[in-house]
Every structure is written in C-alpha cells, then in structure tokens.
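The structure appears right after this line, and notes come after that.
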Amino acid sequence: MTAAGWLGKAAREGHKYAQYSLGGLYYRGNGVEQSYETAFSLYRSSAGQGNAYASYELGKMHRDGIGTDVDRDQSEEAFRNAFSGFTEMAKKQPDDKLHYRLGQMARDGMGTEANLESAAAYFELAAEAGNANGQYALAQLYLKHSDKPAKIR
C-alpha cells in the first residue's frame, strides 16, 4: 500500500493529522490525482477537530476560492482558529516556524488584527532561534517601517 493509501485508511477512521496530510497530497497531486475539492473536504474535517494547520489551509482555500467558492467570512473564521491554535501551540512548545507564521499572520491581519509590534515580536523570536525567514521578515519590517521604529521595536 502507498503512503496515500495508509493516510486514507487513517483519515477514514477520523485521524485529524492523516486527514490534513492526505489533504496536502490531494492539493498538490502528490501520489494521487489532484483534487482541490477533496483537499478542501479533508482540511475541513481536520480543522473541525482542532488542527490549526488544517484551519490555516482552509482559510487560504476560502480566501482564494480554491476547491470552494470565495467566502471571506469563512476564510477569516478559519484564520482566527488557526491563529488561536498556533498561539496555544507556541506557548506549550516554542517553535521558530510557528513564531514566523504567527508573525506573518499578525503583520498581514490574518485571523487577528494587523499589528506591526506583535509581528515584530514573533519575527524576533523566530529570528533569534535561527530561522532565516524570520530574520529576513524582521529586517524587511524594519526597512519598510523605518519611519516608525518605536512602534515595531
């Protein structure tokens, strides 16, 4: 049996991480025939069980109309769930990739109010942990908003 086959078996049993992983395979067409609709359905099932990563993907799909209709309200709800879930995960176990993602979401107002101070704080946590994306994002934030350094430092 293939990875997709085993993930499918676990997903049918309601395993939220298998649903999320299989959704990614369908989204990219990796080992299965690409189907945005199937990816959307799997992400929705996983997100419904509290998987923040699936909520994030669901938010993007609602926002962009991939595998579903564009729905700004559903997109924002999914991003709020993702932001909340990522925040809780980062509190329990700090992770530079989560801090980077939270910084992006805070900077762009995805699932939370746009807040440059908060974004800078998350990017700084990621940067200090050696995350090159966090380092770059923090530098870009400082360069773009050099006229307001007190607000973001």
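Only the coordinates and a few stated rules stand behind these numbers; no lab work does. Not measured: the values here are computed from a predicted model. Using ideal geometry, Cβ is built from the backbone for each residue, glycine included, and neighbour counts are taken over all protein chains shown.
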*asked:* I need the fraction of alpha carbon pairs in region 48-101 separated by more than 17 Å, rounded to a whole percent.
replied: 36 percent
*Over region 12-153, what relative contact order in percent results from Cα pairs under 8 Å that are six or more residues apart?*
14 percent
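Assuming R0 = 35 Å, can you tell me the calculated FRET efficiency for the pair Glu88 and Ala10, based on Cβ-Cβ distance, to the nearest 0.05? It would help to have the intermediate numbers written out before the result.
Values: r = 24 Å, r/R0 = 0.68.
Efficiency, rounded to the nearest 0.05: 0.90.
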*Unit charges on C-beta of K, R, D, E only; dipole of region 1-95, Debye*: 320 debye
*3J(HN,Hα) from dihedral phi, region 104-109, Karplus parametrisation 6.51/-1.76/1.60, rounded to Hz, x for glycine, proline*: 4, 5, 5, 4, 9, x
*Mind telling me which of Ala82, Ala106, Ala132 comes out most flexible in a GNM of the chain, alpha-carbon contacts under 10 Å?*
Ala132
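Kindly provide the helix-only [θ] at 222 nm of the chain, computed as the sum of -39,500 (n - 2.57) over DSSP H runs of four or more divided by all residues, to the nearest 500 deg cm²/dmol? Walk me through the intermediate numbers first.
Values: 9 runs with 112 residues, N = 153.
After summing the helix terms and dividing by residue count, I get -23000 deg cm²/dmol.
When the convex hull of the C-alpha atoms of the chain is computed, what volume per residue in Å³ does it have? Can you show the working numbers first?
Details: hull volume 18.4 nm³, N = 153.
Measuring per residue, one finds 121 Å³ for the Cα hull of the chain.
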